[in-house]
Every structure is written in structure tokens, then in C-alpha cells.
Amino acid sequence: MIIGILKEIKTEENRVCMTPAGAEVLVKNGHQVLVENNAGMGSDFSDAHYSAAGAEMVATAAEIYGRANLVMHVKEPQPREYEMIREGQILFTYFHFAASEALTKEMMARKAVCIAYETITDLRGALPLLTPMSEVAGRMAAQEAAKYLERSQGGRGILLGGVPGVAPATVLVLGGGVVGTEAARIASGLGATVYLLDTSLPRLRQLAEIMPKNCLPLMSSPATIRDLATKADAIIGAVLLPGAKAPKLISRDMLKTLKKGAVLVDVAIDQGGCFETSRPTTHDHPVFKVDGILHYCVANMPGAVPLTSTLALTNATLPYARTLANKGWQRAAQEDPGIGAGINVVAGMVTCQGVAEAFNLPYTPLVTVLT
């Protein structure tokens, strides 16, 4: 199979979807790997590194789309790429379709095979390709909260961990999954008082055993969120409904009850955001204020630390890319339901129920497509 590795073009996106070491593995499996010039530059991988791994360097994204059977990205295709996508072409990337009706309908119109990193599952029902970037984003969320609480950044002017004789900041984390756990772990490690909310009692029991003493796992409810939000210096939104839009847990009206200069970090922004006032931002313009409350809603947080992120992402995606290339998407999906769960759009049909429900589109079970 011909596999294409694209240079990312989203604002301040410095990751690349495959390291030279990963490209070498694909080449040794008998596949031809095309890499767009300078694709790895933001992650400190030169064209020479890819050439040494056996990849062929090509000048443009158009050539990648024109030649490759399987095209890999980190982020979703951008509008200028839409016309390049061919019918039946496999696109393998983070799509987050439920956050964009326009993207969903464009991919349907292209009749491509859209396999989303974020909805592939493993035997435990976990999300193995979302996990590494969730780990990065969760840890970054606590760092960004600490940074933007500084008065020079527009925040309250409070140190996350406090000092002897001065109380630390209070951080509210909504969601006890990978993002929330990592955010709470870092915030706790910096000395903050952390409330970590989730709706799963078994998960809360597990968190109570593994988290530091200054992290308090609690059962989430609208009343609990309303109460703790008024006490919080920073709120980190880390909720996830795989493939679907994130629920809105902090309303516009609730902003009036928050501390002025409090910081909201919405890691769920890729799935539409879990704060009603959230809108996607970028690394070059990461924050905005609503009613005196600072919002950080960067949609590609791990892109700020591309060296770490690219290595972590390739570790996770390479086995799946190899399987798709070795077997083709139909056989791979038939043999591994977890890969099937990653197929969101194919031949103009939406095969992910969460995406279909987000935009009231017809839902077609994947099994119908495969038979």
C-alpha cells in the first residue's frame, strides 16, 4: 500500500503523525511511504531522517493525496485539502467530527474512508489512540491553569500551590478519565487543593486509592458543580463522550457566580467544549474573557510540545497503521471490532452513532457497509 504522511497546516500545529522510525517499520512491511517535505520539521525530524528510513520525500500535499491509498494526519483535514481527497481513500487522523458539521458533511461528500484515532477501542473498551494525547493535554491543562492565574496573564494573581501561611489555589476538574486524572495529578503535585468529579462510583473508588491526599474525588452532579465552581480559582473541563458532543457543564449564567479572574481550561473543546461560553482558540491567541472569566480553549494543546507528542502518538498509532496497510480497512475492521469503532464515515455514510446524533444525520451501522 502507498501511505502518505502529511505536513500539518493547522495554526501552530508542530506535530507530525509518524516518526522516521515508524516510517521505517512500514517500509519494512513492504509498503511505500510518501512524506511531504518538512513534515517533521516542527518535531525536529528532518527530511534526511525520513529518507534514511526508506521514505520518499514529495513536494506537496496534492501529490500525497494524488498517490497515496492511506493518508495520515494528526489533525482533521483543513478546507484547502477537501478537493484533494479522493473517493475510497483512507484518511487516518483525529477527526472529532461531532464538533464540526461542516467537516462531517465534506467527508461524506468526498466518499472517503474516515478512520478517527479518537474512537478506536481496544479489548478493554479503552481509547488507545486518544490516550497518549489525553495524557499530554491533561498535564498541560494544569500547567496552563497555573500560568493564566498569574495577574500578568489576566488571572486572579494566585500561585497554584500557595506558600507557607497562604492557602493554595482551588482547582475543580470535571471528568475522571485520562485527561482529568492527569490534570488533577499535576495540579495536586503543585500543591493545589483539587476536587476531581466523575459520575462513575467504581472510578471514584479507584481514584480515591491512587490520587494524592490533596485531591478529593467526588460524585458529580449539577448541584455539586454549581457549588464547587464558586470556590474554584481554576476549572478544567475534561469530560468525554466518545464520538459525541461534550455536555455543557458550566453555563453562561454560572459565570456570574465565579471568582473574577478565574481560569477555565476546556480540554473538551475538540468535541464542542463543556463550557457554554467556550469557542476554539489557537496557540498564538489562546485565551479570551467572558464576564471577567478567562477561557483557555486551544483545540490542539499537545501541538505545543511536539517532540513529546509526536513520539507518544507514533507509539500508539503505528500498530494500527501497519494493520490497515497490511490487511486493508475492510478486513482489518472485520477482524478487529476496535478498528471498526474508529470508522466514522465511509462511502458517504455516517457509521458512528454519536456523530450521526450530533447533527441529526442518518446512521448506518458499519456491519451494513462490510456485508
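The table below gives the values:
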{"read-out": "Whole-Hz couplings from phi, Karplus 6.51/-1.76/1.60, listed for the range 364-371; x for Gly and Pro", "value": "10, x, 4, 4, 5, 6, 7, 9"}
{"read-out": "Cβ-derived FRET efficiency at R0 56 Å, residue 223 paired with residue 29, nearest 0.05", "value": "0.55"}
{"read-out": "Difference of contour (0.36 nm per residue) and Cα-Cα distance, residue 56 to residue 126", "value": "21.8 nm"}
{"read-out": "Surrounding net charge for residue 37, when Lys and Arg each add one and Asp and Glu each subtract one, Cβ distance under 14 Å", "value": "-4"}
{"read-out": "Where GluC sites (Glu not before Pro) fall in DSSP loop in the range 68-151, at most 13 other Cβ within 10 Å", "value": "87"}
{"read-out": "Global geometry of the range 69-191, whether rounded, prolate or oblate, following the gyration tensor of its Cα atoms and the 1.5 cut on a/c", "value": "prolate"}
{"read-out": "Sum of side-chain charges, residue 346 neighbourhood, beta-carbon under 15 Å (Lys, Arg +1; Asp, Glu -1)", "value": "+3"}
{"read-out": "Rounded tilt (10° steps) of 101-110 against the dominant C-alpha axis of the chain", "value": "10 degrees"}
{"read-out": "Neighbour-count order for 105, 245, 256, 213, fewest beta carbons within 10 angstrom listed first", "value": "213, 256, 105, 245"}
{"read-out": "On Cα atoms only, tilt of 306-327 relative to the major axis of the chain in degrees", "value": "40 degrees"}
{"read-out": "Selected from 99, 48, 321 as most flexible by GNM, with the chain as the system and alpha-carbon contacts under 10 Å", "value": "48"}
{"read-out": "Nitroxide proxy distance, nm - points 7 Å out along Cα→Cβ at residue 11 and residue 353", "value": "3.7 nm"}
{"read-out": "Fewest-first sequence of 149, 240, 264 by Cβ atoms within 10 Å of each Cβ", "value": "240, 149, 264"}
{"read-out": "With Cα atoms, 0 to 90° folded angle of helix 222-231 axis to the chain main axis", "value": "70 degrees"}
{"read-out": "Choice from 285, 96, 31 with maximal GNM fluctuation in the chain (Cα, 10 Å cutoff)", "value": "285"}
{"read-out": "Relative contact order %, the chain, counting alpha carbon pairs below 8 Å whose residues are six or more apart", "value": "18 percent"}
{"read-out": "Interchain or long-range residues, amide H under 5 Å from residue 264's placed H", "value": "235, 294, 295, 296"}
{"read-out": "Cross-link partners of residue 213 among lysines (Cα-Cα below 26 Å; sequence separation of 8 or more within a chain)", "value": "147, 231, 259"}
{"read-out": "Rounded Å value of the spacing that divides the Cα centres of the range 285-315 and the range 9-74", "value": "23 Å"}
{"read-out": "Summed side-chain charge close to residue 118 - residues other than residue 118 whose Cβ falls under 12 Å, Lys, Arg +1, Asp, Glu -1", "value": "-1"}
{"read-out": "Top of 298, 27, 290 by mean-square fluctuation, Gaussian network on the chain, Cα under 10 Å", "value": "290"}
{"read-out": "Theoretical FRET efficiency, 1/(1+(r/R0)^6), r = Cβ-Cβ of residue 213 and residue 334, R0 56 Å, to 0.05", "value": "0.70"}
{"read-out": "Sites residue 370 and residue 257 - FRET efficiency at Förster radius 51 Å, r taken between beta-carbons, to 0.05", "value": "0.50"}
{"read-out": "Gained length - residue 283 relative to residue 201, 0.36 nm times residue gap less alpha-carbon distance", "value": "25.9 nm"}
{"read-out": "Cα gyration tensor category, rounded, prolate or oblate, for the range 150-268 with a/c compared to 1.5", "value": "oblate"}
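Quick note: the coordinates plus some simple rules give every number you see, no bench work behind them. These numbers were taken from a predicted model, which means no experiment stands behind them. Reconstructed Cβ throughout: ideal geometry from the backbone, glycine too, with neighbour counts over all protein chains shown.
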